[in-house]
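The structure appears below as structure tokens.
The values are calculated or read from the model by the stated rules, or taken from the named source; none is laboratory data. Here the structure is a predicted model, which means the values were calculated and not measured. Note that each Cβ is placed from the backbone with ideal geometry, even for glycine, and that neighbours are counted across all protein chains shown.
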Amino acid sequence: MVKSILGSARANLLRTVVLCAVAPILGAVAVRALPEIPDLSGYQSYKTYDPIVMADLRYIVWRGSGVKDCAALSLYRDLRDQNPDRQLMAKAIAAFGEPECGQSNMLALKQAAEYARSVGRKPEADIFDQLAQKTFKPQFGKTDIAAELKVPAKAKAMVLGETTIVLKPGMRVGTQVERVARDWASYEMRWDLSRKLIPATLIGYHEGAFVHKIAEFANIEITPLAGTLIAKKGEQWYGPDEKGIFRFEVLPDKVTYPTTHVAGDMGWIEDTHGISAVVSQALEFNSQVVVGCGDSEGKAEAAFYLAQKGLDVVMPGDRYTNLLLGYKAKGVIIGTAPVKLVKGTGVIGHQPVKFMLNEPIAVEDTEEDYPLQYYDAPARYFRQLTKYLALNVRYVPVTAADQIQSILDLGTSAVAVRVATQDEDTSLREWLLKSPDHRAILFHSGLYPFAQKLFEDFPTQVTFGDLHPKFTE
């Protein structure tokens, strides 16, 4: 049993409503710079009987204080456990941690290869083997998103929200680890790194809350996609595809996590975050739906890659889904979207709302940096959309949270906004209640506790940034 020294109230205080990533704690820092860990004393007194989790806690204190604790490596290296997934994690961490302490990692690399092979992760096994033999040279690739919208010449209206993912019993849902299975930045360290999760153990906010919502409508199989190899090219880090080719950019703050381990130009991310960090595992574990953050170009490219393979991808943090507008792939990609029942079947999406092409639409935008940049998600989508057709768009810049009223006061019947705070939710609800003609398109709102209720309460007025709009005469 793991006992957190903080209650949910304290954890919520550490969590800001304008965030998609945990970057506010870490910032845009150089690789391996020490992150700012909240309240180290909390981790120093955190109680657990799990040797991997205990070692992770000691690493968090190590990274936060700058005081080396090389003895923590023995908890990974000497792990006695019948679970090969846990053994893979422990030996991979040891393999990338031991060089930092002046220790040989040859045995750990060979053991990591053995365990990777035993759990069906052949590309990782091959890479670990080659690293042990000092013959590995990473291969890098690039994924270009194929996307195009075709608008009929006589189109007079568009319908957003018809895109649907049907939730089937037993569906395999692969997820990022962070904010689903655990969250080191908020003292949520209960997960034991086993392959499967039950809904009761999910993190209660952001992607974790979204996955829990899915589980309300279907008996799904949830797999945290933990542990990804990363390779550095120039100043950028990349995650691999299922063949071990590194092609999906991983944001630098994820490399500075205290639970990420780097040796030279290679590393291992334990607490995966974003679609770009989970592609290989999603395919190796035969996921049918993948849930993760989508707030970078690399994450959008990874989502497209998975969709090409026939997987459905859900990104409640959808700032960069504009790059996927009109994507061409077998799988479905969706951002902020409702989860609900349609004729007794659970679905994600399926909330059609009609907009005339000539009607004015007030669209939220911002030029602010972190943590406000996510308010430009509506404008990103519509700027991409207007490359294909003429629309009467009025872009409205905001400089802070809770400025949604400036969009609602323009007098349009349609708005495209982000809802991430209680005040924004209240203002939008009041506006929607004033007229059934008032309609809202939500962007980068699926991480917060307001979007699902807005979809539910206003099914004919609130929809999402559909990546495959339908055009009608």
On the given criteria, is Ala55 among the hydrophobic types (A, V, I, L, M, F, W, C), in contact with a Leu (Cβ under 9 Å, 6 or more places away or on another chain), without any contact (Cβ under 8 Å) to a residue 24 or more places away in the chain and buried (at least 20 other Cβ atoms within 10 Å of the Cβ)?
no
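Against the definition (in contact with a helix residue (DSSP H, G or I) (Cβ under 6 Å, 6 or more places away or on another chain) and modelled with pLDDT of 95 or more), how does Val342 come out, yes or no? Before you say what the answer is, go through the steps one by one.
Details: in contact with a helix residue (DSSP H, G or I) (Cβ under 6 Å, 6 or more places away or on another chain): no; modelled with pLDDT of 95 or more: yes.
Considered against the rule, which asks whether it is in contact with a helix residue (DSSP H, G or I) (Cβ under 6 Å, 6 or more places away or on another chain) and modelled with pLDDT of 95 or more, Val342 comes out as no.
When only residues in the stretch 168-224 that are part of a loop (DSSP other than H, G, I, E, B) and of a type in the set (Val, Ile, Thr) count, which is surrounded by the fewest Cβ atoms within 10 Å (Cβ to Cβ)? Full working, then the answer.
Start the filter on the stretch 168-224 by keeping residues that are part of a loop (DSSP other than H, G, I, E, B), which leaves 168-171, 176-177, 179-181, 187, 189-196, 198, 202-205, 218-220.
Applying the additional criterion that residues be of a type in the set (Val, Ile, Thr) yields 177, 180, 198, 203, 220.
Working: Val177: 28, Val180: 30, Ile198: 9, Ile203: 23, Ile220: 21.
The residue in question is Ile198.
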If we ask which residues in the stretch 150-167 are part of a loop (DSSP other than H, G, I, E, B), under 15 Å from His350 (Cα atoms) and either modelled with pLDDT under 95 or touching a Pro at 6+ places or on another chain (Cβ under 8 Å) (or both), their number turns out to be 2
Per the list (1) basic (Lys, Arg); (2) in contact with a Lys or Arg (Cβ under 8 Å, 6 or more places away or on another chain); (3) modelled with pLDDT under 95; (4) within 30 Å of Gly264 (Cβ to Cβ), residue check on Arg195 breaks on (2)
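Would a scan of the stretch 151-169 turn up a residue that is at positive phi and either without any contact (Cβ under 8 Å) to a residue 60 or more places away in the chain or over 27 Å from the mean Cα position of the chain (by Cα) (or both)?
Scanning the stretch 151-169, I find no residue that is at positive phi and either without any contact (Cβ under 8 Å) to a residue 60 or more places away in the chain or over 27 Å from the mean Cα position of the chain (by Cα) (or both), so the answer is no.
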Condition set over 14 Å from Tyr374 (Cβ atoms) and of a type in the set (S, T, N, Q), scope the stretch 389-427, selection nearest to the chain's Cα centre (by Cα): answer is Gln422
Reported set for the stretch 117-146 where residues are of a type outside the set (Asp, Glu), buried (at least 19 other Cβ atoms within 10 Å of the Cβ) and outside any loop (DSSP other than H, G, I, E, B) is Ala125, Ile127, Phe128, Leu131, Ala132
Of the residues in the stretch 63-99, those that are surrounded by fewer than 21 Cβ atoms within 10 Å (Cβ to Cβ) and touching a strand residue (DSSP E or B) at 6+ places or on another chain (Cβ under 7 Å) come to Pro99
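Residue by residue, here is whether (1) touching a residue at least 60 places away in the same chain (Cβ under 8 Å); (2) under 22 Å from Tyr305 (Cα atoms); (3) in contact with a strand residue (DSSP E or B) (Cβ under 6 Å, 6 or more places away or on another chain) holds:
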{"residue": "Ile198", "(1), (2), (3)": "no, no, no"}
{"residue": "Gly204", "(1), (2), (3)": "yes, no, no"}
{"residue": "Phe217", "(1), (2), (3)": "yes, no, yes"}
{"residue": "Gly234", "(1), (2), (3)": "no, no, no"}
{"residue": "Tyr238", "(1), (2), (3)": "yes, yes, yes"}
{"residue": "Phe248", "(1), (2), (3)": "yes, yes, yes"}
Quick count over the stretch 343-381, residues being free of Cβ contacts under 8 Å to residues at least 40 places away in the same chain and either within 22 Å of Phe210 (Cβ to Cβ) or within 24 Å of the chain's Cα centre (by Cα) (or both), is 7
Reported set for the stretch 428-454 where residues are within 21 Å of the chain's Cα centre (by Cα) and aromatic (Phe, Trp, Tyr) is Phe443, Tyr448, Phe450
Evaluate the following for Val289: is it β-branched (Val, Ile, Thr) and in contact with a helix residue (DSSP H, G or I) (Cβ under 6 Å, 6 or more places away or on another chain)?
no
Of the residues in the stretch 263-272, those that are touching a residue at least 60 places away in the same chain (Cβ under 8 Å) and under 20 Å from Leu193 (Cα atoms) come to Gly267, Trp268, Glu270, Asp271, Thr272
inquiry  = Just to be sure before I move on: is Tyr375 surrounded by fewer than 23 Cβ atoms within 10 Å (Cβ to Cβ) and either modelled with pLDDT of 95 or more or over 16 Å from Thr463 (Cβ atoms) (or both) in the structure I sent?
reply    = no
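Yes or no: Glu270 within 17 Å of the chain's Cα centre (by Cα) and surrounded by 23 or more Cβ atoms within 10 Å (Cβ to Cβ)?
Details: within 17 Å of the chain's Cα centre (by Cα): yes; surrounded by 23 or more Cβ atoms within 10 Å (Cβ to Cβ): yes.
Yes.
Go through Asp402, Asp437, Asp457, Asp425 for me and flag whichever is on the phi > 0 side of the Ramachandran plot and either modelled with pLDDT of 95 or more or not basic (Lys, Arg) (or both).
Values: Asp437 fails: on the phi > 0 side of the Ramachandran plot; Asp457 fails: on the phi > 0 side of the Ramachandran plot; Asp425 fails: on the phi > 0 side of the Ramachandran plot.
The match here is Asp402.
Across the stretch 93-115, which residue is farthest from the chain's Cα centre (by Cα) among those that are assigned to a helix (DSSP H, G or I) and farther than 14 Å from Ala132 by Cβ? So that I can check it myself, show each step before the final result.
The first filter runs over the stretch 93-115 and keeps only residues assigned to a helix (DSSP H, G or I), leaving 93-101, 106-115.
Those still in the list that are farther than 14 Å from Ala132 by Cβ too: 93, 97, 100-101.
On the way: Ile93: 22, Gly97: 26, Glu100: 29, Cys101: 32 Å.
The residue in question is Cys101.
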